[in-house]
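The values are calculated or read from the model by the stated rules, or taken from the named source; none is laboratory data. All values derive from a computational prediction rather than experimental measurement. Note that we place each Cβ from the backbone using ideal geometry, even for glycine, and neighbour counts take in every protein chain shown. All accessible areas refer to the heavy atoms of the entire protein, side chains included, with ligands and DNA or RNA removed. Shrake-Rupley method; radii C 1.70, N 1.55, O 1.52, S 1.80 Å.
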Amino acid sequence: MKFLSLNIFFFSILTCLLTSWFIVNISFSLSSDKMSDQMPEDLRLGSKYRIVFGNVKAIHEFHKNGFTKDFTSLLDDPEELYNLFVKRRPNLQHLYSRYFINKTKADTVLKYNKEFFQNIIQPEMIEDYLIRPIQHLPRYSMVLGQISEHSCRGEMEEADTFEKIASMCKEISTMADSMMKAGQIKEFDGDITQQGSLIHRGDVECRENGKKSNSPLKFKKSVDKMMKAHIFFFDQTIVITEIVPKTTDYGSDHHRFIYKFNTNKITIRDIAKSGANSFEIQDMDRSKRSVSSYTILCSSDEEKKVWITKLTQTVKQLEDLKRQLINPTQFA
């Protein structure tokens, strides 16, 4: 079973490399003057056609220029394989998160320009190729998990290491999938990939308690009702969004940006007056002209505890880091 899984996985790697190589070459051919003249103006302006292929070239080069070779050569040394994934985790997370974020935009551009792409290759084939990097990423976790499950009794230590690597790969895959959702945020001022690592996200109900200027004024009394929202909690920012259903067959559900907190400039209050499962996030950023406080209503007490625990832990870590930077000798 172990070797069968590896054979399937190596075939997957080869397919992914060939697929990305093929897509890179299509992208390169589209940039030629001859093809550019045939391209619809809307697709040509701003090189919008590049959206279809995203950063697949960077993914291709990452695997081709070392990672795949290192991965296959270290399968007999689980500890070194674990170290490889620890070292390369930021690369995998960044590359695939950007690709996942771009995928929704790529699908939309492709659908609106089917007639043009039919002159190059069947759009369905491009769609099939573009989905393969997304399918490829979870296979690391699947195969390594199977290796762990079918290890011999005398290889329990190796099995545990493979399981640790599989768990890490699953986290990377889950992160990338979550970033695809984050990539659907509309009206967000900035690059969503630059908000740090995604720590937690989820559906909630929320209400803005009111804005105040940075003066000794109190928050105005809220008259707004609770609305359905989705919160993305990054280690640098907390982004509150409203879920907006799709309006056309070619569109998709997306998140409309509402408010952004800087994680190092908030206070968290556990409150009960708005419901047993409520807590409050208050903006303490004095650089803003006006700041807000939001009441968050969770679906259960368990989910509320998860939010408060993750938020308070991250805020404390940031405060500790700030103190270390201000007075490093105190922590020596």
Note on segment 284-308: residues surrounded by 12 or more Cβ atoms within 10 Å (Cβ to Cβ) and free of Cβ contacts under 8 Å to residues at least 24 places away in the same chain are M284, K305
Residues of segment 104-115 being part of a helix (DSSP H, G or I) and in contact with a helix residue (DSSP H, G or I) (Cβ under 6 Å, 6 or more places away or on another chain), in sequence order, are K105, A106, V109, L110, K114
Residue hits (segment 57-78; assigned to a loop (DSSP other than H, G, I, E, B) and open to solvent by 60 Å² or more (accessible area, probe 1.4 Å)) are D76, D77
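Can you find a residue in segment 271-278 that is under 24 Å from the mean Cα position of the chain (by Cα) and open to solvent by less than 90 Å² (accessible area, probe 1.4 Å)? Walk me through it before giving the result.
Going through segment 271-278, the residues under 24 Å from the mean Cα position of the chain (by Cα) turn out to be none.
No, segment 271-278 contains no residue that is under 24 Å from the mean Cα position of the chain (by Cα) and open to solvent by less than 90 Å² (accessible area, probe 1.4 Å).
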Only one of (1) more than 16 Å from K103 (Cα to Cα); (2) open to solvent by 40 Å² or more (accessible area, probe 1.4 Å) does not apply to I51, and that is (1)
Within segment 225-269, of all residues that are within 11 Å of Q184 (Cα to Cα) and among the polar types (S, T, N, Q), the one most open to solvent (accessible area, probe 1.4 Å) is S252
Please tell me if L81 is under 23 Å from the mean Cα position of the chain (by Cα) and assigned to a helix (DSSP H, G or I).
-> no
Q.
I'd like to check something: does segment 180-196 contain any residue that is within 11 Å of the chain's Cα centre (by Cα), over 19 Å from K260 (Cβ atoms) and at pLDDT below 90?
A. yes
*What about I281, is it at pLDDT 90 or above, touching a Leu at 6+ places or on another chain (Cβ under 7 Å), in a strand (DSSP E or B) and surrounded by 11 or more Cβ atoms within 10 Å (Cβ to Cβ)?*
no
When every residue in segment 309-332 that is of a type in the set (S, T, Y) and closer than 24 Å to C206 by Cβ is compared, the one least open to solvent (accessible area, probe 1.4 Å) is T314
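Could you look through segment 83-104, keep only residues that are touching a Ser or Thr at 6+ places or on another chain (Cβ under 7 Å) and open to solvent by less than 60 Å² (accessible area, probe 1.4 Å), and pick out the one that is nearest to F234 (Cα to Cα)?
At the first step, the residues of segment 83-104 found to be touching a Ser or Thr at 6+ places or on another chain (Cβ under 7 Å) are 97-98, 101, 104.
Narrowing the set further to residues that are open to solvent by less than 60 Å² (accessible area, probe 1.4 Å) leaves 97, 101, 104.
Values: S97: 14, I101: 15, T104: 21 Å.
This residue is S97.
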